[in-house]
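The values are calculated or read from the model by the stated rules, or taken from the named source; none is laboratory data. Here the structure is a predicted model, which is why all the values come from computation and not from measurement. Quick reminder, even Gly has a Cβ in these numbers, built from the backbone with ideal geometry, and neighbours come from all protein chains shown. Just so you know, the surface numbers come from the protein's heavy atoms only, side chains and all, with ligands and any DNA or RNA stripped out. Shrake-Rupley method; radii C 1.70, N 1.55, O 1.52, S 1.80 Å.
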Amino acid sequence: MKRIQATLTALVALVAPTAAAAQQFDLLIQGGMVLDGSGSPAFSADVGIVGDQIVSIGKLDGATATRVIDAAGKFVVPGFIDMHSHADRSFASDNIEGRRAHNLVMQGITTSVFGPDGRNPVWPIPAEMDAYRAPGVATNVVPMVGHATVRGIVMGDDYERPATADEIAQMAELVRGGMEAGAWGLGAGPEYRPGRFSTTEELIALAKEVAPYDGFYYSHQRSQSPLPLWQIPSIVDGQPLTGTEGMRETIEIGRAVGIRVVGTHIKAKGTDTWGHSQTDVLMIEAARREGVDVYLDQYPYETFGGGPVDVLPDWGYAPPGTDRSGGLDAPIWRDPEVMSDPKGNLRANLADPVAAAELERDTEYILRLQGGADRHIVVSAPDFPETVGRYLAEIAAEAGRSPFEQLVHFALESTELGPAGVRFRPVAGHQFDVENYMRQEYTATSTDGSVSLQTRPGQHPRSYGAFARKISHYVKERGVITLPFAIRSSTGLAAQIVGLKERGYLREGYKADMVVFDYDDISSPATIMEPDLYPTGIEYVLVNGQFTVDNGEPTGALPGEVLDRREKDARARGVS
Ligand SMILES: [Zn+2]
């Protein structure tokens, strides 16, 4: 007996250290299939979390935890990183519901990259970071210096020209200040004002400022479709744009500066441009072989753009003879005086044979730019309810009109114009290009979406569904990419592009930003006509170890951190 006792004691002593080191967690996610964000195949493992950190991944038998989640049959993956997010305004606002961002957390987003299209909602960077910090936000935030922001500060209203050397120096100072304050790089939007009037040299000079900080450059590129001179006078070498300059310029910046560069929310937009993904891919592959560190990100839809649109160009609603040289989006079209009698002006323009022919030409161009009349879906039409949900080409054909004639009919017969008139959502992209970009190993995922508190039919479904759709539609239904590839594009690849050091992968010591989902159940039901439907199958989302989605429901928690690049640098130096 005594002998047996002694043996037992010895055995306990042998076993005890392991059991003791094992294992008390705050949260234990048991028995899931782990995809670690690297693109490697899934493996079965438990994940133990303490505080905001993943401390253990493996067979954690016998471990205990304050909370245990049974993930058998589910995938456990890193949290999704949105490479192009317009949530910044809501995250900086007083509205707490905006900061909770239910439509973003419900699709698994745990980190949002800001500075989209070169704009900051608050300036300077320390003020922007403070605006997110109190009272908090649902996802982590990557602050960026916006090129449009600094150009606007330095050049004011006098921006429709290249900047002088002195102005570029002033902008460079602001970029440097933003990086010193913790930003991760430079965001730009040279298709828009005021960035459109910049030269490539200006962008290179400013991108150079982020290089000493290991920053990256990402751009809503100069052109994603061919643009005629009447629409947007180009100042790139005085030549009109043909649709590939944007990618070429981003590559040139990467080559000149030697930093990571991204053609963000990449697309081939409009019938004249369908197939251009192949040109982009060839250019990118050549550049990458040369050593240029170029990437893309993409939201997985064939429909682009923001809210519903009219199709007739604005100048059709302005008095005959109004100067059109500023282009389609010139401030003049927002002047209430100029646009005070839109129907009368449209009639007058149509009565002039020259203006009428130009109006038809421009309208047809816009239709092509947006995918053609057979890809313009009516999303609201108070005076023509029977047309809602149908395509322009079909409606026009039934009425015996050309698409242009149908648009004029809609405009002249509607009680109101503008947002209360007939509005369309164009489907300007082609499946070939969406899938071709998606297949590339350097293409990350984005929403280009925002926090959506009031959704109307016709709004883009990406704000609710982008990350889930990549899995449900492109992995499950169409088999365009594999699941590990899709997860990597939404996690590890994005972390690599941004330069995040402890996010984007499921690894011990990394932050507990995670998603648990059921592959069989995952779906992304949001559509153009019903854009505010949450994905299904995404069961748990953790940001810094806290649930933003629990058992399929948003929690309203605000555990997001404002990521400060300087902390990464400090850790890299071992200063932590
Ligand atoms: Zn954009």
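Below, the figures for the structure above:
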quantity	calculated
Estimated FRET transfer efficiency (Val50, Ala356; beta-carbon r; R0 45 Å; 0.05)	0.05
Solvent exposure of the chain as accessible area per residue, Å², 1.4 Å probe	39
Residue-wise HN-Hα coupling along region 128-135, computed from phi with Karplus coefficients 6.51, -1.76, 1.60 (Hz; x: Gly, Pro)	4, 4, 5, 4, 7, 5, 10, x
Built amide H within the under 5 Å cut-off of Asp26, gap 5+	Ile49, Val50, Gly51, Thr66
Within the chain, percent of DSSP bridges classed antiparallel, to nearest 5	50
Region 424-543: proportion of alpha-carbon pairs further apart than 23 angstrom, %	34
Sequence-distant lysines (8 or more away, or on other chains) whose Cα lies within less than 23 Å of Lys269	Lys470
Karplus (6.51, -1.76, 1.60) ³J(HN,Hα), θ = phi - 60°, over region 76-92, in Hz, Gly and Pro reported as x	10, 9, x, x, 7, 10, 8, 6, 8, 10, 9, 6, 4, 5, 5, 5, 9
Separation of the Gln431 and Glu290 label points, Cα + 7 Å toward Cβ, nm	3.5
Cα Rg, Dmax, the chain, angstrom units	26.1, 112
Placed amide H near Val34: partners under 5 Å, 5+ positions off or other chain	Phe43, Ser44, Ala45, Val76
Longest to shortest principal axis, alpha-carbon extents of region 318-412, angstrom	35, 25, 24
Base-10 log of normalised Debye intensity for region 398-493 (one unit scatterer per alpha-carbon) at q = 0.14 Å⁻¹	-0.71
Accessible surface of Glu553 - all protein chains present, 1.4 Å probe, nearest 10 Å²	120
Förster-model FRET efficiency, 45 Å R0, Asp518 and Thr415, C-beta, rounded to 0.05	0.40
Label-reachable residues, region 362-376, where backbone N falls under 18 Å from a point 7 Å from Arg401's Cα toward its Cβ	362-368, 372-376
Sparsely packed GluC sites (Glu not before Pro) within region 464-518, loop by DSSP, other Cβ within 10 Å at most 14	Glu508
Unit charges at the beta carbon, dipole of the chain: most positive-side option, Val141, Ser93, Val77	Val77
Contour excess over end-to-end distance, with Cα ends at Ala127 and Ser40 and 0.36 nm allotted per residue	27.3 nm
Across Lys208/Lys568; Lys74/Lys267; Lys267/Lys476; Lys74/Lys511, pairs whose alpha-carbon gap is larger than 24 Å	Lys74/Lys267
